[in-house]
Amino acid sequence: MAEHVPSAEKTRPAEQPSAERNGLDYELIELFFFAYRDFTSDPDVILEKRGFGRAHHRVLHFVDREPGMTVADLLETLKITKQSLARVLKQLIDGGYIHQVAGPEDRRQRMLYTTREGKALAKALAEPQSKRIADALTKVGPGGRDVIRRFLASMRTGPV
């Protein structure tokens, strides 16, 4: 029986066994792709049952983490257009997951809060991701969380 060889290994030239070729770290790039795919897979199933996608997840996550954040703050956090946010936010409001309130000083300002249903959904989406992270950190060992946190924070563009 032939041994199964992953496709990435089939295409790797024999003279360059390293994951880094031409100054590009393909191994870590691929690990990021696979980690992201798996990290989002459990929430994707939960979201799909409600007719939602990853954009809904991101909005719900940040509104739940920062109750009272404004629409302007959310736009800045997500780095998306008003048009992109409008559709997703409307669906979450109409579905009873997010509630918006006019600002106390500027009535045009819209402050966002998760409802009881929104909090429950945000928690249901975060639980499998948190478990996946905890399992991975157990494998990494002591001190791993701080190193990984610094690594991920340093990959961000702009202030952390």
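The values are calculated or read from the model by the stated rules, or taken from the named source; none is laboratory data. Remember, predicted model here, so these are calculated numbers, not experimental data. Cβ atoms come from the backbone with ideal geometry, glycine included; neighbour counts cover every protein chain shown. Surface accessibility is based on the protein's heavy atoms, side chains included, excluding ligands, DNA and RNA. Shrake-Rupley method; radii C 1.70, N 1.55, O 1.52, S 1.80 Å.
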Report summary line: The local net charge around GLU76, scoring Lys/Arg +1 and Asp/Glu -1 for residues other than GLU76 whose Cβ lies under 15 Å from its Cβ, equals +4
Query raised in the report: Taking only protein heavy atoms and a 1.4 Å probe, what accessible area per residue, in Å², does the range 111-154 have with all protein chains in place?
Result: 70
Report summary line: For LYS131, the lysines lying under 27 Å Cα to Cα, once residues fewer than eight places off in the same chain are dropped, come out as LYS49, LYS119, LYS123, LYS139
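For the range 52-160, with all protein chains present and a 1.4 Å probe, just round the carbon and sulfur fraction of the accessible area to a whole percent.
55
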Query - Computed [θ] at 222 nm, helices only, for the chain once each DSSP H run of length n ≥ 4 contributes -39500 (n - 2.57) - result: -20000 deg cm²/dmol
Report task. Subtract the Cα-Cα distance of LEU152 and LEU28 from 0.36 nm times their separation in residues, and report this length gain in nm to one decimal. Result -> 43.4 nm
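Nothing charged except the Cβ atoms of Lys and Arg (+1) and of Asp and Glu (-1): what's the magnitude of the dipole of the range 43-84 about its Cα centre? Round to the nearest 20 debye.
140
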Query - Ordering of 89-102, 69-82 by packing [mean C-beta count within 10 Å, highest first] - result: 89-102, 69-82
Report task. Taking the Cβ of PHE62 as the centre, find all other residues whose Cβ is under 12 Å away and add up their charges (Lys, Arg: +1; Asp, Glu: -1). Result -> -1
Report summary line: Here, ARG107 and ARG37, labelled 7 Å along Cα→Cβ, have an inter-label distance in nm of 5.2
Report summary line: Out of TYR26, TYR113, TYR36, a Gaussian network model of the chain with alpha-carbon springs under 10 Å gives the largest mean-square fluctuation to TYR26
